[in-house]
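Structure record follows, encoded as structure tokens.
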Amino acid sequence: MAITNATDGKVNAEILIQAQHLNRLKIAHGGMIASLVDVCGSLAVASKGMHHTGVSTDINVSYIGSVAKGDTLLVNAECLKLGKTLAFTFVEMHNKTDGRLIAQGRHTKFVGIAHTDPENEFKFKAKM
């Protein structure tokens, strides 16, 4: 996977689908797609300045289309909210060639302890 762009709360990546990504139907394995939701959602949290991105509390994926060996998958991840205890992300994947929607995922992470990491690029300030 290659990161193609990263800004505050948003990460774009792409991955060339290869043989090791396929299931027995010769399309991208659902577990690989789910892993991309996990990893890219976490990267979106990291792009908000978080060195430690917390732990998953919930992840879901809707599989809408498929990609096969040789296709390139575009991944767009966004941190929708970074709160005191939870971060919410949304990840969408498209086929680079024709733009078809392949999958959408949501990933919720517990970040309460992560806010105390001294390597964070910002210090979270709770609004009272």
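The values are calculated or read from the model by the stated rules, or taken from the named source; none is laboratory data. Values in this document were obtained by computation on a predicted structure and should not be read as measured data. Here the Cβ is made from the backbone with ideal geometry for all residues, glycine too, and neighbour counts use every protein chain on show.
Might you check whether a residue that is polar (S, T, N, Q) and farther than 25 Å from Thr116 by Cβ occurs anywhere in region 36-57?
Within region 36-57, the first condition is being polar (S, T, N, Q), and the residues that meet it are 42, 47, 53, 56-57.
Okay, now just the ones that are also farther than 25 Å from Thr116 by Cβ, so none.
There is no residue in region 36-57 that is polar (S, T, N, Q) and farther than 25 Å from Thr116 by Cβ.
When each of Ala2, Ala19 is tested for being free of Cβ contacts under 8 Å to residues at least 24 places away in the same chain, over 12 Å from Ile102 (Cβ atoms), of a type outside the set (S, T, N, Q) and exposed (fewer than 14 other Cβ atoms within 10 Å of the Cβ), the lone residue that passes is Ala2.
Within region 96-123, if we keep just the residues that are small (Gly, Ala, Ser) and within 23 Å of Ile59 (Cα to Cα), the residue that is surrounded by the fewest Cβ atoms within 10 Å (Cβ to Cβ) turns out to be Gly112.
Can you name every residue in region 44-95 that is part of a loop (DSSP other than H, G, I, E, B), in contact with a helix residue (DSSP H, G or I) (Cβ under 7 Å, 6 or more places away or on another chain) and surrounded by 15 or more Cβ atoms within 10 Å (Cβ to Cβ)? Those that are part of a loop (DSSP other than H, G, I, E, B), in contact with a helix residue (DSSP H, G or I) (Cβ under 7 Å, 6 or more places away or on another chain) and surrounded by 15 or more Cβ atoms within 10 Å (Cβ to Cβ): Met50, His52, Thr53, Gly54. Please work out if Lys48 is of a type outside the set (A, V, I, L, M, F, W, C) and either farther than 24 Å from Ile15 by Cα or at pLDDT 95 or above (or both). Answer is no for this residue. Within the bounds of region 119-128, is there any residue that is under 19 Å from Asn23 (Cα atoms) and out of contact with any Asp or Glu (no Cβ under 8 Å at 6 or more places or on another chain)? No, every residue in region 119-128 fails to be under 19 Å from Asn23 (Cα atoms) and out of contact with any Asp or Glu (no Cβ under 8 Å at 6 or more places or on another chain). The selection criterion, being β-branched (Val, Ile, Thr), touching a residue at least 40 places away in the same chain (Cβ under 8 Å), farther than 13 Å from Thr108 by Cα and not in a strand (DSSP E or B), holds for Ile33.
The lone criterion from (1) under 19 Å from Lys10 (Cα atoms); (2) in contact (Cβ under 8 Å) with a residue 40 or more places away in the chain; (3) in contact with an Asp or Glu (Cβ under 9 Å, 6 or more places away or on another chain) left unmet by Ala87 is number (3).
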